[in-house]
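First comes the structure, then the notes that go with it.
The values are calculated or read from the model by the stated rules, or taken from the named source; none is laboratory data. What you see is a predicted model; the values in this text were computed from it and never measured. Using ideal geometry, Cβ is built from the backbone for each residue, glycine included, and neighbour counts are taken over all protein chains shown. Ligands, DNA and RNA are stripped out before the accessible areas are found, and what is left, the full protein with its side chains, is counted by its heavy atoms. Shrake-Rupley method; radii C 1.70, N 1.55, O 1.52, S 1.80 Å.
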2 protein chains.
Amino acid sequence: MNVTEYMHTLGQQARQASRAMARASSQDKNAALLAIAAEIESRRETLKQANANDMQRGRDNGLEAALLDRLELTDARIDTMVEGLHQVASLTDPVGEITDLSYRPSGIQVGKMRVPLGVIGIIYESRPNVTIEAASLCLKSGNAAILRGGSEAIDSNRALAECIRAGLQTAGLPAQAVQVVDTTDRAAVGALITMPDYVDVIVPRGGKGLIERISREAQVTVIKHLDGICHVYIDEFADLGKATNIAINAKTHRYGTCNTMETLLVHQAVAEQILPDLAAAYRALDVELRGCERTCTLLSHALAATEQDWDTEYLAPILSIAIVDDLDAAIDHINRHGSHHTDSIVTENYTLARRFLTEVDSSSVMVNASTRFADGFEYGLGAEIGISTDKIHARGPVGLEGLTSQKYVVLGNGEIRK
Amino acid sequence: MNVTEYMHTLGQQARQASRAMARASSQDKNAALLAIAAEIESRRETLKQANANDMQRGRDNGLEAALLDRLELTDARIDTMVEGLHQVASLTDPVGEITDLSYRPSGIQVGKMRVPLGVIGIIYESRPNVTIEAASLCLKSGNAAILRGGSEAIDSNRALAECIRAGLQTAGLPAQAVQVVDTTDRAAVGALITMPDYVDVIVPRGGKGLIERISREAQVTVIKHLDGICHVYIDEFADLGKATNIAINAKTHRYGTCNTMETLLVHQAVAEQILPDLAAAYRALDVELRGCERTCTLLSHALAATEQDWDTEYLAPILSIAIVDDLDAAIDHINRHGSHHTDSIVTENYTLARRFLTEVDSSSVMVNASTRFADGFEYGLGAEIGISTDKIHARGPVGLEGLTSQKYVVLGNGEIRK
């Protein structure tokens, strides 16, 4: 069987399993999640041995340290997977929820029922814990899943797949509801994204190159996250204490995350007052500053930003700073250079805050809060399969609800159309 | 300027206009809708003259009678367009609605705000009134639109475009918020569906061939409607009076609509009781019956259905009938042969009704109501841009809300991430 045939077989099995998953009770789905957690606990040593094989192969192949770190399944990480499964089990099941049921003049009652999407394909890289995260979210939302992890994690993922399969069977759910692609052949990805008969949505998690390629070639909807070029705008009417805290936190809390601020915008009226102290704080934390002309006049240590800086996601201790004339200039800068991910205004002015929320075209818009809050857990989704920078279907952090859709339900008493 | 360049220019202008539309007040958008209605009223003779040119050209080109009928702008149809504009103006504006705003443990308040999608491309065939319907829905939902009508309606559409442009300008909104493609070159469609930088969603309205081609080639999401193979299932516990009324109405109220029943499923326990009278009623209305083996034994006049019949959208006075063993068989038939559009069960049994609603995977699922109710107006959406048979983004009748998306809003008081 070649790779395409193999993937089609997985697809057919997933489609079949998705029907049973769609009507599975919350009770059964939760039982499966807890059973998977128990399997992981009881196979801890097997998992660590499988992971040790991946680590050894990675070292032999000269995998860089950062990737090796992401690949490793430590006891703490196994604990986190187990906790994650318990947490997803405790979330409210979105499936079957009926909303907006109201009577129409014809006598029929019309509402919406939340239903699973069907089959979700997830493509990710080295971290094997994504296997459990993705499986648990798909399972809880009543979907079947096909998981394609990185080839460097194949042994770990195989061992985790065993836990998932056993857990599903314990709960009486189809073992093929979650399938881990058991080949490192790269053609598997190409097949997975081009079988619309079997896969309803693709969620890629990984580098921008991977995601761009998948978006270009996929024949189904891709829930994707590209750049996170996030902004904080310190307005003329900002509380400068809040502004300083937020600007420091949004940049330095973590450098490598998509909701980290990459560009700070400051209203010209407060730039002189706030920027020198703020710059000193950044320098103390070894953050490199790249400023516009006006910023460089004010901050002697700032480098001159190029046009490209405004369009760059550094994912590093580097910050670009621009002084702007007013709110309009800030909004214009954000909508032009941002990635429609997360942007925050710091202001005490009601009208300007309201305008920022309305006019900034990003998946998360904030007033007086750090961009670092743009996250499924912080938003109360309970878990997150990714952050969407698209406008279609799901926008911003995607939790269980983003893996569902709504169908119409009509309750009648024999009504016919006149 | 070649067609691709021309379409890119339209796209750039639409993107630009979409920013102003996204922040336009409900008042201004409604004023534009009413101004367009007034323009249509005052240019009624000009419109009819332009349409007469299209009709003459159509007759000269041997356009078939049905298409000529759809092309014609009568006074009654012009009245309907004007009324439609008033109706859309009276609908609640979906843009800016904030829902689910609640506090999180960190202190931030998180909610969702409804926002326009951006630029909508609409591709349709001969009916010029779609120009006004589509323009009004896009405008009200804060989107910019690029409308590509049929070449046979080009003069009518040009004249309507003038009304729209004048109305937008009267209301102080950008004239380029709604642009009608002013070329009959077929390459315009190819360009429209492959410029993701300028167009966010495509809504094709027309024959299945058109829609399939667009779905295959589009580089953005397509809100599409393919087949409408709808079912009514008369259950063992049906009220046979309701069943008869619904079965007649769902098939014969109109033959050419997507929510018309194409296959009737009858539980074996009630087939003998209900089918002979029902068949007589259909025959009196000249509906051709094609039955399964058991049906043909019962109804001497029924033709034998082939496997293909179960997968066919007749759009004609033809009905296929299958007698099934039980609810499971009915659901299985519907999920296998249906088009996931609209399906209805007739039953007085609570548990079976609940199972049908949950397990039938269609955009509208009904109990004791005619499938003909699957319609934006009947559902209370106020208007409808189409019916989606997809699961992603919008499912079932798509009204103003389907042309919007939700972004997250975060209201804080200086919170930072710990």
* residue A:297 being of a type in the set (Val, Ile, Thr) and either under 21 Å from residue A:208 (Cα atoms) or open to solvent by less than 30 Å² (accessible area, probe 1.4 Å) (or both) -> no
* Are any of the residues in the range B:383-396 within 18 Å of the chain's Cα centre (by Cα), open to solvent by 20 Å² or more (accessible area, probe 1.4 Å) and hydroxyl-bearing (Ser, Thr, Tyr)? -> yes
* Residues being open to solvent by 30 Å² or more (accessible area, probe 1.4 Å), away from chain B (no Cβ under 14 Å) and either at pLDDT below 95 or within 30 Å of residue B:364 (Cβ to Cβ) (or both): count how many of those fall in the range A:88-126. => 2
* Which number in (1) open to solvent by less than 20 Å² (accessible area, probe 1.4 Å); (2) at pLDDT 95 or above marks the one condition that residue B:399 misses? -> (2)
* Asked: Among the residues of the range B:337-360 satisfying the criterion of being charged (D, E, K, R) and touching a residue at least 12 places away in the same chain (Cβ under 8 Å), which is most open to solvent (accessible area, probe 1.4 Å)?
  -> B:348
* Asked: From the set of residues in the range A:145-169 that are in a helix (DSSP H, G or I) and among the small types (Gly, Ala, Ser), which is most open to solvent (accessible area, probe 1.4 Å)?
  -> A:151
* Structure fact -> Checked the range B:212-245 for anything among the polar types (S, T, N, Q) and either in contact with a Pro (Cβ under 6 Å, 6 or more places away or on another chain) or away from chain A (no Cβ under 11 Å) (or both); matches are B:219
* Long-range neighbours under 6 Å by Cβ, at least six apart or interchain, first residue modelled with pLDDT of 95 or more within the range A:24-36, second β-branched (Val, Ile, Thr) -> A:33/A:88; A:35/A:170; A:36/A:164
* Structure fact -> How many residues of the range A:300-312 are acidic (Asp, Glu) and open to solvent by less than 70 Å² (accessible area, probe 1.4 Å)? The answer is 1
* To do: Keeping to the range B:388-418, report how many residues are assigned to a strand (DSSP E or B), of a type in the set (Val, Ile, Thr) and over 22 Å from residue A:358 (Cβ atoms).
  => 1
* To do: Please identify the pairs in which a residue from the range A:143-156 that is more than 20 Å from residue A:65 (Cβ to Cβ) and touching a residue at least 40 places away in the same chain (Cβ under 8 Å) has its Cβ atom under 6 Å from the Cβ atom of a residue that is part of a helix (DSSP H, G or I) and of a type in the set (Ser, Thr, Tyr), counting only partners at least 6 apart or on another chain.
  => A:144/A:18
* Of all residues in the range A:361-382, which are more than 7 Å from chain B (Cβ to nearest Cβ), buried (at least 24 other Cβ atoms within 10 Å of the Cβ) and among the hydrophobic types (A, V, I, L, M, F, W, C)? -> A:374
* Asked: Does residue B:41 count as acidic (Asp, Glu) and within 22 Å of the chain's Cα centre (by Cα)?
  -> no
* Structure fact -> Of the residues in the range B:122-139, those that are of a type in the set (Gly, Ala, Ser) and more than 20 Å from residue B:24 (Cβ to Cβ) come to B:126
* Identify the residue in the range A:32-87 that is of a type in the set (Lys, Arg) and open to solvent by 50 Å² or more (accessible area, probe 1.4 Å) and, among all such residues, is nearest to residue A:133 (Cα to Cα). => A:77
* residue A:142 vs. criteria outside any helix (DSSP H, G or I), within 14 Å of another protein chain (Cβ to nearest Cβ), closer than 23 Å to residue A:39 by Cα and open to solvent by less than 20 Å² (accessible area, probe 1.4 Å) -> yes
* From the options A:19, A:43, residue that is of a type in the set (Lys, Arg) and touching a residue at least 60 places away in the same chain (Cβ under 8 Å) -> A:43
* Structure fact -> For the range A:170-201, the count of residues that are of a type in the set (Asp, Glu) and either away from every other protein chain (no Cβ under 14 Å) or assigned to a helix (DSSP H, G or I) (or both) equals 2
* For the range A:202-225, state whether one or more residues are part of a loop (DSSP other than H, G, I, E, B), open to solvent by less than 10 Å² (accessible area, probe 1.4 Å) and closer than 26 Å to residue A:5 by Cβ. => no
* To do: Go through the range A:1-31 and count every residue that is β-branched (Val, Ile, Thr) and open to solvent by 50 Å² or more (accessible area, probe 1.4 Å).
  => 1
* Asked: Out of curiosity, is residue A:1 among the hydrophobic types (A, V, I, L, M, F, W, C) and part of a helix (DSSP H, G or I)?
  -> no
* **Pick from the range A:278-294, criterion of a type outside the set (A, V, I, L, M) and over 23 Å from residue A:359 (Cβ atoms), ranking: surrounded by the fewest Cβ atoms within 10 Å (Cβ to Cβ)** => A:286
* Condition test on residue A:186, is it more than 22 Å from the chain's Cα centre (by Cα) and within 27 Å of residue A:315 (Cβ to Cβ)? -> yes
* Structure fact -> Log entry, pairs with first residue in the range A:399-418 being more than 7 Å from chain B (Cβ to nearest Cβ) and in contact (Cβ under 8 Å) with a residue 40 or more places away in the chain, second being β-branched (Val, Ile, Thr) and open to solvent by 20 Å² or more (accessible area, probe 1.4 Å), beta carbons closer than 9 Å, six or more apart or on different chains, reads A:400/A:92; A:400/A:95; A:404/A:95
* Look at the range B:246-274 and say how many of its residues are open to solvent by 10 Å² or more (accessible area, probe 1.4 Å), among the polar types (S, T, N, Q) and away from chain A (no Cβ under 14 Å). => 2
